[in-house]
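Derivation of every value follows stated rules applied to the coordinates shown; laboratory data play no part. Just so we're clear, the structure is a prediction, and the values are computed from it rather than from any experiment. Methodologically, a virtual Cβ is constructed for each residue, glycine included, from the backbone with ideal geometry; neighbour enumeration extends over all protein chains shown.
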């Protein structure tokens, strides 16, 4: 019986019904499967800046300032900062910081890290990390929406207020959340891809001036650039340098009605697709100086058709709107057709009318944009507009008369 498997030989001699008669399938023919379960964390972080710390302290024990919600691992989260602490027994000696589950969820397991940033540039950050202790204590479980993890005694207040963690009356926190998830299936491996760096290289090209083929004179300052880069970024430069209306061949193009620092910042953006830091951008870290620079940049962006830069400037001006700047910003928004920024300014004026009227910028607004007075009046008094016939319907006629007499 040469060549017959051993199990068949045994079956032939033992006869049917015996245990030895059960045949075995050769190992190579047995169907098989495998699976793998992986438990890991889905991580995400959120930066939370707390400005006006000196005004926030004293608000009371248990009172908090909260961040915007942010999403990690399919759940919403928020950072809660207690300037006077969360614990009555500590008598406001400590500030408290917590991370809260801000969306619906049950038994959400996660790891956390809270970092108070050293703003001196020395890198001596204060880190409270749950990630380091994961093997010892395991993930923290948040039972329901509103559950928190954090520290009642996050930092001693007296020490904090004389430390490098506060700069310009502002604290900076970074919150990292790692939501625990389990999955079954093959592991997908990936190779990290670096962030895009074309802006870095084009910026180096601008700084070096290599093969520059166009020169601008702005307010007595000289700027060298590259026609192709400018034309690719700006339809105005494209027409000016290569279109039928292009200027006569000249080694230097004079640029008027724009300041040299503004033109320099605009070139920086056109090559790098971002703006420098505020202090580098305007030569000063003061909010007022940065606001003026953003206003000038918005006008330049509109002039040269740089839509992304214009929106960046609108967003920055929106963040920095206040009683002193809202009138000039509103006039700028009207002149450059910035609808979103204009709406924000009108809403701010409506809520702060008396203070805005006393500001220096209000006279400029009345002189430069007299047509805005009607819109201001409607914003303050409360007017609804019929979308079909575009006829304003006065909600409060008495308020209209009072505002008219007060303002105009």
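Taking 0.36 nm per residue of separation and subtracting the current Cα-Cα distance, fully stretching the chain between residue 143 and residue 37 would add 35.7 nm. Residues 341, 55, 101, arranged from fewest to most other Cβ atoms within 10 angstrom of their Cβ, appear as 55, 101, 341. Ranked by how many other Cβ atoms sit within 10 Å of their own Cβ, fewest first, the residues 49, 57 fall in the order 49, 57. The distance linking the stretch 79-144 with the stretch 195-265 is 48 Å (Cα centroid to Cα centroid, whole angstrom).
Apply the a/c threshold of 1.5 to the C-alpha gyration tensor of the stretch 53-135 and tell me whether it is rounded, prolate or oblate. In terms of gyration-tensor shape, oblate. Under the classification rounded if a/c is under 1.5, otherwise prolate if a/b is larger than b/c and oblate if not, where does the stretch 157-253 fall, given a ≥ b ≥ c as square roots of the Cα gyration tensor eigenvalues? Oblate. With a Förster radius of 56 Å applied to the beta-carbon distance between residue 156 and residue 219, the computed FRET efficiency rounds to 0.65. The spacing between the stretch 145-178 and the stretch 360-378, judged by their C-alpha centroids, is 43 Å.
Taking the average, over residues, of other Cβ atoms within 10 Å as the packing measure, peptides 139-151, 77-89 rank 77-89, 139-151 from highest down.
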